[in-house]
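The values are calculated or read from the model by the stated rules, or taken from the named source; none is laboratory data. Just so you know, these numbers come straight off a predicted model, no measurement behind them. Cβ placement follows ideal geometry from the backbone for every residue including glycine, while neighbour counts extend to all protein chains displayed. Protein only, heavy atoms only, side chains kept; ligands, DNA and RNA dropped before computing areas. Shrake-Rupley method; radii C 1.70, N 1.55, O 1.52, S 1.80 Å.
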Amino acid sequence: MATKEHSLYKLVPKEQAEAFAWSFEGPNTEAVLYPFKFPAIQPHEVRIQQTYFGLCYTDCHLVNQDWFPINYPSVPGHEILGHVVMKGDQVTQFQIGDLVGAGFIRDSCGNCKQCILGNDQLCGQKGDEHLIPLPKFGGFATHVQFPAKWAFPIPNTIPQQLAPPLLCAGITVFAPLKRYFNAKKEVAIIGIGGLGHLAIKFSAALGMRTTAISTSPDKEQEARSYGAVDFIVSSNPESMAKATGRFDLILGCAHASTVDEFIDQTKLLKNGGDFVMVGIPALTKVELQLPFYQLVCRQISFIGSLVGSRQENYEMIEFANKHKIYPTCEEFEFENFKNAYDKLLNGRPKYRCVVKVGNAPQTLKQ
């Protein structure tokens, strides 16, 4: 049971709790159950009771301060799915009972340059209010409360146990693929994991000729079943050499572990090609450098991409529903959250972990 109290979410006896969360009280610590009450709901907010939530390795990075310091207790989680159970009086787009999902972005101002341009995921005006998991409580909980503008209706034709990862992994790969879409492009997806397996599916469904790149030769048949027309073993120098200068677009869903490995990946681009990075390593463990000669003399672009805008989220959900693009998931019960987190942190889940909340809000009060 939790011992540290958050400044906004009052730690209460379990029988008084409005919600229960899995909280971390420091880096590299085990999750503890945190029964709490929410701050008063704001006019623009919704509170949802989750049916399922997903785990993402970003949560592990945040908890363990791999990128920057955070405050504890911390409840990360940004693959959120559930029914609206309370809403502020300014919320008109949802009704009580609606099924909604949410991802990494918590809020945006709507008035800054990026918001006006439609890049509201890059809003620079909200500060700590920008991201779901920090500093407020995120999705590792029975209930979540956040601004309604970043909640998205989820069609009942998408299986609920497969929906949460679409709100993070799905939009993370769909958005850059759609931005750089061209039916004539040769696309390579590096890494067949939590991000990459969805990227192959989206890229192929968009109509681009898609190649999967992996260190694991035994993943070829699987990659082809997702829509890849070719497969490259990145640990095979001959295989990599044959693909030199082949691709218009590379989507990096798994980061290189050395500078040489990263440079070898960029050699696969055509002159004028784009390398889009969506996987972020722990800054304390991997240090890469840009291949400046290639960037300039081959006029290639190295690009970062942060999830997607609200409009791109709507498009992704519609596209995934239409083409039945779903993640491969392992499912855990709420009380077994620690097993799910441990598998994500130390194991190799196939390919996403989702937690079923079920009747946990009621049983935990007993």
Next item on the list: Please tell me the relative contact order of segment 222-366 in percent, rounded to the nearest whole number, where contacts are Cα pairs under 8 Å and at least six residues apart.
Entry: 15
Notebook entry, point to check: With the contact rule set at Cα under 8 Å and sequence spacing of 6 or more, what percent relative contact order holds for segment 90-227?
Noted result: 18
Next item on the list: Please give, to one decimal in nm, the separation of the simple spin-label points placed at Cys109 and Lys4, each 7 Å out from Cα toward the Cβ.
Entry: 3.0
Next item on the list: Wrap a convex hull around the Cα atoms of segment 115-256, take a quarter of its surface area, and give that in square nanometres.
Entry: 11.1
Notebook entry, point to check: Heavy-atom accessible area of Ile158 with all protein chains present, probe 1.4 Å, nearest 10 Å²?
Noted result: 10
Notebook entry, point to check: Which value, in Å³ per residue, describes the convex hull spanned by the Cα atoms of segment 20-61?
Noted result: 121
Check: When the Karplus curve 6.51 cos²θ - 1.76 cosθ + 1.60 is applied with θ = phi - 60°, which whole-Hz ³J(HN,Hα) does each residue of segment 81-95 get, with x for Gly and Pro?
Finding: 8, x, 9, 5, 10, 7, 8, x, 6, 9, 7, 10, 7, 10, 10
Next item on the list: Could you do me a favour and compute the accessible area per residue for segment 98-239, 1.4 Å probe, result in Å²?
Entry: 36
Check: Residue by residue, what Karplus-based ³J(HN,Hα) values in Hz, rounded to whole numbers, does segment 187-196 have, using 6.51, -1.76 and 1.60 with θ = phi - 60° and x for Gly and Pro?
Finding: 10, 10, 10, 8, x, 10, x, x, 8, x
Next item on the list: Quick one: what are the phi-derived ³J(HN,Hα) couplings along segment 150-158, Karplus 6.51/-1.76/1.60 with θ = phi - 60°, whole Hz, x for glycine and proline?
Entry: 9, 9, 10, x, 10, x, 6, 7, 8
Checklist line | Neighbourhood net charge (13 Å Cβ-Cβ; Lys/Arg +1, Asp/Glu -1) for Asp107 | finding: +1
Next item on the list: Run the accessible area of the chain with a 1.4 Å probe and give the carbon-and-sulfur part as a rounded percent.
Entry: 50
Check: Sequence-distant or interchain residues sharing an amide H contact under 5 Å with Ile232, placed H: which?
Finding: Ala212, Ile213, Ser214
Check: Given the protein chains as shown and a 1.4 Å probe, how many square angstrom of Lys178 are accessible, to the nearest 10?
Finding: 80
Notebook entry, point to check: Please state the relative contact order of the chain as a whole percent: Cα pairs under 8 Å, 6+ residues apart?
Noted result: 17
Item checked: P(r), alpha carbons of segment 141-185 - 10 Å bins starting at zero, rounded % -> 19, 42, 29, 8, 2
Notebook entry, point to check: Taking a 26 Å limit on the Cα-Cα distance, which of the listed pairs Lys184/Lys242; Lys37/Lys338; Lys126/Lys185 fall beyond it?
Noted result: Lys126/Lys185
Next item on the list: Pull out the extension gain between Arg179 and Lys37, defined as 0.36 nm times the separation in residues minus the alpha carbon to alpha carbon distance; nm, one decimal.
Entry: 47.0 nm
Next item on the list: Would you mind calculating the gained length between Gln125 and Asn336 on full extension (0.36 nm times residue separation, minus the Cα-Cα distance), in nm to one decimal?
Entry: 72.2 nm
Notebook entry, point to check: Counting Lys and Arg as +1 and Asp and Glu as -1, what is the net charge of the other residues whose Cβ lies under 10 Å from the Cβ of Asp230?
Noted result: +1
Check: Just the accessible area for Tyr180, please: 1.4 Å probe, Å², rounded to the nearest 10?
Finding: 60
Notebook entry, point to check: How big is the gap, in Å, between the Cα center of segment 1-25 and the Cα center of segment 69-136?
Noted result: 21
Notebook entry, point to check: Based solely on its DSSP helices, what 222 nm [θ] is calculated for the chain when runs of n ≥ 4 H residues each add -39,500 (n - 2.57) and the sum is averaged over all residues, nearest 500 deg cm²/dmol?
Noted result: -6500 deg cm²/dmol
